[in-house]
Amino acid sequence: MRMEKMMIGLYLALSVTVLGQKSPAKNTNLTPYSYQTFNCDNKGYFDASKYEKEEIDGVNKLLYKFNGVHFDTNPIFKLSSLEDVRNNKDLHLENLERQYQEKKKELYSLKVIDLPVWKKLYENAIQTFENEYELNKEEIIAFSDPSSLKNSKFYSTCRESIDAISSPDKDKMFASWKAYTELKSKNNADPQGVMNRFNTKLNDPQKEDYALIDMIGLSFHNCANSSFRQKPEEEATAYKDFDKIFMKLKKNCDMP
């Protein structure tokens, strides 16, 4: 009987020792990870038995580097900018292509966490990147040759704008330009001011150029751009899901 009690006591002691060792072993898998968000410095701890740092780096880049505008291009809002993109079209296309190849190499080599939510985010990021490149390329060419938009990748989505821009009937483009400006003016604090500026351009000898600036750079661009961008609510969810990767997370945020 005494021997049985000793054996039971020894068994319990060993059990406590083993159980006591599990917690430290688990904690050793927690690896620190620091990252910056829009106005916060973040330090989290992830389970190294579940994730690799390279995978988290990849997701981090998808969310905070490859989510947004990828290419540094000159927006066309003035006649001087329009003249520049026409006179130096090949240079603008070469600059775009150089950026595309550099960024593509980094984006396509990312390693992300092997879970559906992050694999889908990666696929969407690649599609957005490719679409943005195509949109910028089409716009550069269209400022010199508006009819080129008939072959646009976004024609089915932005048919109305493209048909007006590429039409040989300039009155059709001017009518579409006016309709677009009227619609835009309703969301402006000074709608009459918007229309006054429009009428000034409409009566200018270079009204066709002014129309192309607005119709390609705003009407067509906004239509095409919105067709492939991630919805704001989906972005918010992705940011929250990223934070959930970390078992512990401390945020140090600046006041906006």
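We did not get these values from a lab; they are worked out from the coordinates using the rules stated. Here the structure is a predicted model, which means the values were calculated and not measured. All Cβ positions, even for glycine, are placed from backbone atoms using ideal geometry, and neighbour counts span all protein chains on display.
The sum of -39500 (n - 2.57) across all DSSP H runs of n ≥ 4, divided by the residue count of the chain, sets its helix-only mean residue ellipticity at 222 nm to -20000 deg cm²/dmol.
Dividing the mean sequence gap of close Cα pairs (under 8 Å, 6+ apart) by how many residues the chain holds gives a relative contact order of 27 percent.
Taking other C-beta atoms within 10 Å as the exposure proxy, Y239, Y100 rank Y239, Y100 from fewest upward. Hydrophobic long helices, here whole DSSP H runs in the chain with Kyte-Doolittle means of at least -0.5 and Cα atoms spread over 27 Å or more along the helix axis, are found at 2-27. Among S80, S161, S226, sorting on how many other beta-carbon atoms sit within 10 Å of each Cβ, with the fewest leading, yields S80, S226, S161.
Mind checking which of Y155, I141, N124 is farthest towards the positive end of the chain's charge dipole, using Cβ charges of +1 (Lys, Arg) and -1 (Asp, Glu) about the Cα centre? Value computed over the given set: N124. Given K178/K201; K43/K240; K119/K248; K89/K184, which pairs have Cα atoms separated by over 21 Å? Among K178/K201; K43/K240; K119/K248; K89/K184, the Cα-Cα distance tops 21 Å for K119/K248; K89/K184. Listed from fewest to most Cβ neighbours within 10 Å, the set F246, F38 follows the order F38, F246. Charge tally around N67: other residues with Cβ under 11 Å, Lys/Arg +1 each, Asp/Glu -1 each, net +1.
Charge tally for T181 (other residues, Cβ to Cβ under 11 Å; Lys, Arg +1; Asp, Glu -1): +3.
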